[in-house]
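Just passing along the structure, written as structure tokens.
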Amino acid sequence: MPDLKVWSSRELGRLRRDMDRLFDSLCDDYGLPGPFCRDVMQVEEDEREIRVRLALPGLRVEDLDVRVMELGLEVSGRREELTPHGRTEQRFTRRMGLPCRVQPDQVRAVYREDTLHITLPKCAGSQCRSIQIAKE
């Protein structure tokens, strides 16, 4: 095996980051928790608002960004780590479609105890209603 090459920890770190990004992308496609934060997104809804909780351990509020549209939510962030070989940075983005229109200018976000709490007030007249399905 003369062509065998031993990888350095830097090369292994790069491979790990690439694999994390690949699995993160796959999880995003299917709406599953990704490997970066091992996050669990919990969504609750009532007639007035939608409440989202996202576990983000080890992050600081300065490293997070929340963007809200009438029918969508995006949470992104970054984490810097100091390793023996230097500083590394990991980024993530979670996107979620909302079940109804919300009021983006009245959304509240609070980060406490490693969990991001987002409250999204619904627009007036955004009540859901059940539709009768006809059988043909």
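Within region 62-69, is even one residue modelled with pLDDT under 90 and in a strand (DSSP E or B)?
yes
Another question, if that's okay. Determine if region 57-78 includes at least one residue that is surrounded by 11 or more Cβ atoms within 10 Å (Cβ to Cβ), in contact (Cβ under 8 Å) with a residue 60 or more places away in the chain, closer than 20 Å to GLY13 by Cβ and of a type outside the set (Gly, Ala, Ser).
No - not one qualifying residue is present in region 57-78.
The values are calculated or read from the model by the stated rules, or taken from the named source; none is laboratory data. No experiment lies behind these values; they were computed from the predicted model shown. Heads up, the Cβs are rebuilt from the backbone with ideal geometry, glycines too, and the neighbour counts pull from every protein chain shown.
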